Amino acid sequence: MTLTVDGIAKRFGRFPALAGVSLEARDGEFLTLLGPSGSGKTTLLRVLAGLDKPDRGHVLLDGADFLAMSARERRVGLVFQQYALFRHMTVARNIAFGLDVRPASSRPHRSVIKQRVEELLALARIEGLGGRYPAQLSGGQRQRVAVARALAVEPQLLLLDEPFGALDTKVRKELRAELRRIHDATGVTTILVTHDQEEAMALADRVVLMNLGRIEQIGTPEELDASPASPFAFEFLGEVNRLPCQVVDGVALFDGFTAPTLGEERQAGQGEALFRPSDVRLDAAPTADGLPVRIVAMGGRGALRSVECQALSGHRVSAELPEHLAGQFEVGQRVKLTVRRVVAKVTNPSPAERPAPLAKSA
Amino acid sequence: MVALAPSIGARPAAWREPSPLPGFHLAFGFTLTYVGVIILLPLAALVARPWEHGLDGFVAAIVQPRTLAALRLSFVAATMAALVNVVLGLLIAWVLCRYEFPGRRVVDALVDLPFALPTAVAGIALASLYGPNGWIGSLLEPLGVKVAYTPLGVFVALLAVGLPFVVRAVQPVLQDLDAGYEEAAKTLGATAPQSLWRVVMPALAPALITGFALAFARGAGEYGSVIFIAGNMPGVSEIAPLVIVTRLEQYDYAGAASVGVAMLALSLIALLITNAAQVALARRGGR
Amino acid sequence: MIGTVAPRRIESAGPAVLVLAALAWLALLIGAPMATVFTQALSKGLGAFLDAFKEPDGLAAIRLTLLVAVIAVPLNAAFGLAAAWSIAKFNFRGKAVLLTLIDLPLSLSPVVSGLVWVLLFGARGWFGPMLDAGGIKIIFAVPGILLGTILVTVPLVARELIPLMAEQGADEELAATTLGSGGWTTFRRVTLPNVRWALLHGVLLSNARAMGEFGAVSVLSGHIRGLTETLPLHVEALYNDYDFVGAFASASLLAGLAIVTLVAKTALERAGRVAAAKGSAL
């Protein structure tokens, strides 16, 4: 099932929850909608499920108008944040519900439903829990039931709203892998909402990064990692350092070194550079190029160590170095700092046609 | 449990937030019709009626000594009974929550009896119990205490009627009150009365006020359980609802409605005062 | 319920005094009146007690009381469900006003709850002349008794359901909808089972109140023996005639109803707790 979302907009009062969102999910694809709270990701999911009506835009499923259908007719499997299991029904009744409520003409025979429930219990790896009530299950088990219940109707689309939000870290990682396995086994087109970038990157074929009701970037996790489209994308997808810089022709100029810029900033002028701790390099040689800094703290265990540096200007930068490199340095040492790549944000553009005067060293 | 809630800052643009759940119009329409016919329309008739002889007519209907005395009796007796019920209701709730004794569950269920017992039954039972020949009345008679057919009888009937309101308001709070709370007070050197007064009572105060308000509201309008024991002497032991009944028997609709509106207004004022007390209490508690 | 205090055994004199004082007070205000009802009813022997139920006016009063309850209780239950469905599962403006209105009858004196209908339909009421012309009798007749009873018991089911359904939220109903369930099916298979104990609880209370209502009905009935007397009014009439055995015999029937109500209520609350442990809430 190919899902096409075209120009969806939705306001709540004066608050624009969605400001024209377009995307496409290919058949069998696993998309994650990633963004901070208020970015519109949940509203988009509700629109797809039929729980909210958009003010503008179209949604097509394999070319058919999806918005014309009611939530009841859409046959989407929706997994709620708190799962919304029917508390007075056993796990088996919960899973069978979508089949049970079909009109007599299209309702499968009892034995078929029973068999289908068994299959789903096995798929979700909760065999033997069919007779329990939701209150008797752990959080992780409830989530499995919710997924199985959503899949029972053989949905055209599986939608999940922050399905790991209510779980502790260990269970979360385990269920993440389970969900991906279930997706791969069923091949159902899946859209998952999350605010956790690690989760989004780990699960998805493609990530849809949202902010303020708009899509910032769509891409595979690798693409997002390698070429973030905006400072927001760069910042949201990982830890960042900030240093003031000058930007000319796609190159960021610092005291003592330059770095190529990623993304779409084409303006020249004064601004700020954002970069990952893992892109920072330190050199102990006094003659080396780079920003002179002093190491003020070191921490971490294992293969990656963090090194905190402070420039003369007072700016602090944290670097992430492999263990063997970090071992060469000690707290208090003066070193030179360079950065492999940055995302630049020009805040004070220089007048056109007149390149900004370069810093001392270029 | 409102997951999938619309994003923050959401405000309904229309008078109703759209929902994919069906049945709103049917259910809401039925609700409004029912409220309109059963509650609003009759209430409008009540509020509109006293003014047919102008404001003067209303005032005249209220300031008659007999009416004033009846209103005073209903509201004063209700206040006093509710106050006593606050103390004894707390005692009963405390005993039911804190001590195990034979028959505790039966007693616990019995507290609700005045909720379920028809008021007329309570009325004739109290009248005959506290009457001169009743089990308790005959004991009190030699002491010179007359309960039945006096204002004291009104008070006793309201004690019985209001008791469960206080017990049921306090009980859940008392039950959830962390035992560690009192124990902490004890380890800090507080004596038992100190810990009760400084630690337990402030936590219970909102529930006690709620219980008081409910018992009072019930008592001020009470009819069935009172009229048998009260004796209904005009100006002495006649309660306000009985004045309404009497006026209706004389087809004085405006006069009856005037007393009804006055009772409603007094109840609302009492409600406002108890609400203000709750708010003041909450503010002092920093909540 | 963290930190719930378990009742403990009495080991010293202080608590024993408290318990005895509480029990004495309850005995004085609740126990003794109940005992009076039954002892007075049986004071002239079982025969006299049973005779009270052979009297045609008494039987008519029982019949009318049942009729009123059979009509008023289901109506108020339907209202409670409709009100709770619209208030707890949907968001709209004016909800607080609606809630206040629904609660209002609780702060009315029963006599006022009767009075308002007289003001509407009585001989000098708003619609009185109109009804007179049409030959329709509401006041001093069964419809009036019914209206008074309904007004007194309106909030009882709604008040049980609204907080519970609001706390449960609409997620389960939304889930059912996305699974293809229609409105009626969702209501019947998801909503109703989730509130069944609270619904029964409310029905029980409003039944007890409907059968025992005195003040409102007393204003509206006209006290015509055998025709417009409900059981509580019949108790009053017998008592005022100094037929104490008859009055207390009839009263014992109502007291029995109260006891049955309390037992059923206690059982329901227990069933609700068991169901809650299983997942379905009271």
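Annotations for the structure displayed:
- In the stretch A:11-39, the residues that are within 20 Å of B:Pro18 (Cα to Cα) reach residues that are of a type in the set (Val, Ile, Thr) with C-beta atoms within less than 6 angstrom, at least six apart or across chains, in these pairs: A:Ala17/A:Thr43; A:Leu18/A:Ile8; A:Leu18/A:Thr43; A:Gly38/B:Ile8.
- The listed residue being of a type in the set (S, T, N, Q), under 15 Å from C:Ser113 (Cα atoms) and within 10 Å of another protein chain (Cβ to nearest Cβ), out of B:Ser258, B:Ser267: B:Ser267
- Note on the stretch A:170-239: enclosed strands (runs of 3 or more DSSP E) holding 2 or more residues that are over 22 Å from A:Thr261 (Cα atoms) and of a type outside the set (Asp, Glu) are A:190-194, A:206-211.
- Count of the stretch B:217-268 residues which are within 17 Å of B:Val156 (Cα to Cα), among the polar types (S, T, N, Q) and open to solvent by 10 Å² or more (accessible area, probe 1.4 Å): 1
- Long-range neighbours under 8 Å by Cβ, at least six apart or interchain, first residue at positive phi within the stretch A:149-178, second open to solvent by 60 Å² or more (accessible area, probe 1.4 Å): A:Glu154/A:Arg75; A:Glu162/A:His195
- Positions within the stretch C:70-99 being open to solvent by 30 Å² or more (accessible area, probe 1.4 Å), under 21 Å from C:Glu173 (Cα atoms), modelled with pLDDT under 95 and within 9 Å of chain B (Cβ to nearest Cβ), in sequence order: C:Asn91
- A residue that is open to solvent by 30 Å² or more (accessible area, probe 1.4 Å), over 26 Å from C:Ala249 (Cβ atoms), at the interface with chain C (Cβ under 9 Å from one of its Cβ atoms) and among the charged types (D, E, K, R) occurs nowhere in the stretch B:145-156.
- Scope the stretch B:220-263; condition within 28 Å of C:Leu29 (Cβ to Cβ) and either of a type in the set (Lys, Arg) or within 17 Å of the chain's Cα centre (by Cα) (or both); matching residues: B:Ala220, B:Gly221, B:Glu222, B:Tyr223, B:Gly224, B:Ser225, B:Val226, B:Ile239, B:Ala240, B:Pro241, B:Met263
- Residues (touching a helix residue (DSSP H, G or I) at 6+ places or on another chain (Cβ under 6 Å) and either at pLDDT 95 or above or of a type in the set (Ser, Thr, Tyr) (or both)) located in the stretch A:184-205: A:Thr190, A:Val193, A:Thr194
- Leading residue by the ranking (nearest to A:Arg242 (Cα to Cα)) among those in the stretch A:321-340 that are open to solvent by less than 70 Å² (accessible area, probe 1.4 Å) and part of a strand (DSSP E or B): A:Val339
- Among the conditions (1) open to solvent by 20 Å² or more (accessible area, probe 1.4 Å); (2) under 22 Å from A:Val91 (Cα atoms); (3) in contact with a helix residue (DSSP H, G or I) (Cβ under 8 Å, 6 or more places away or on another chain), the only one that A:Arg181 does not satisfy is (3).
- So C:Ala61, is it in contact (Cβ under 8 Å) with a residue 40 or more places away in the chain and in contact with an Asp or Glu (Cβ under 6 Å, 6 or more places away or on another chain): yes
- Taking the criterion of being at the interface with chain C (Cβ under 7 Å from one of its Cβ atoms) and modelled with pLDDT of 50 or more, the residues of the stretch B:1-27 that qualify are B:Trp15, B:Arg16, B:Glu17, B:Ser19, B:Pro20, B:Leu21, B:Pro22, B:Gly23, B:Phe24, B:Ala27.
- Neighbours by Cβ (under 9 Å, 6+ apart or cross-chain): first from the stretch A:67-96, without any contact (Cβ under 8 Å) to a residue 40 or more places away in the chain; second assigned to a loop (DSSP other than H, G, I, E, B) and polar (S, T, N, Q): A:Arg72/C:Ser181
- Criterion: surrounded by 14 or more Cβ atoms within 10 Å (Cβ to Cβ) and of a type outside the set (Gly, Ala, Ser) - qualifying residue of B:Gln171, B:Gln194: B:Gln171
- The stretch A:262-283: number of residues that are touching a Lys or Arg at 6+ places or on another chain (Cβ under 8 Å) and in a loop (DSSP other than H, G, I, E, B): 1
- Selected residue (only one of C:Leu227, C:Leu257 is outside any helix (DSSP H, G or I) and open to solvent by 20 Å² or more (accessible area, probe 1.4 Å)): C:Leu227
- Helices (runs of 4 or more DSSP H) within the stretch C:100-198 that include 2 or more residues at the interface with chain B (Cβ under 7 Å from one of its Cβ atoms), under 18 Å from C:Ala210 (Cβ atoms) and touching a residue at least 12 places away in the same chain (Cβ under 8 Å): C:110-121, C:142-168
- Flag if C:Ala267 is modelled with pLDDT under 95, open to solvent by 20 Å² or more (accessible area, probe 1.4 Å) and within 14 Å of chain A (Cβ to nearest Cβ): no
- Within the stretch B:116-132, the residues that satisfy the criterion of being within 11 Å of chain C (Cβ to nearest Cβ) and either in contact (Cβ under 8 Å) with a residue 24 or more places away in the chain or assigned to a loop (DSSP other than H, G, I, E, B) (or both) are B:Leu117, B:Pro118, B:Thr119, B:Ala120, B:Ala122, B:Gly123, B:Ile124, B:Leu126, B:Ala127, B:Tyr130, B:Gly131.
- Any hit, the stretch B:80-94, residues being under 28 Å from B:Val167 (Cα atoms), without any contact (Cβ under 8 Å) to a residue 24 or more places away in the chain and outside any loop (DSSP other than H, G, I, E, B): yes
- Every test in (1) in contact with a Lys or Arg (Cβ under 6 Å, 6 or more places away or on another chain); (2) assigned by TED's automatic domain parsing to the domain that holds A:Ala200 is passed by A:Ser227 save one, and that test is (1).
- Among the residues of the stretch B:90-103, those identified as over 20 Å from the mean Cα position of the chain (by Cα) and open to solvent by 30 Å² or more (accessible area, probe 1.4 Å) are B:Trp94, B:Glu100, B:Pro102, B:Gly103.
- Looking only at the stretch B:48-61, residues that are surrounded by 15 or more Cβ atoms within 10 Å (Cβ to Cβ), more than 7 Å from every other protein chain (Cβ to nearest Cβ) and under 25 Å from C:Thr153 (Cβ atoms) come to 0 in all.
- Residue, nearest to B:Gly231 (Cα to Cα), within the stretch B:120-137, restricted to residues that are of a type outside the set (A, V, I, L, M, F, W, C) and surrounded by fewer than 24 Cβ atoms within 10 Å (Cβ to Cβ): B:Gly131
The values are calculated or read from the model by the stated rules, or taken from the named source; none is laboratory data. Source: prediction; values computed, not measured. Every residue, glycine among them, receives a Cβ derived from its backbone with ideal geometry; neighbour counts consider all protein chains shown. Note: areas computed on protein heavy atoms with side chains; ligands, DNA, RNA excluded. Shrake-Rupley method; radii C 1.70, N 1.55, O 1.52, S 1.80 Å.
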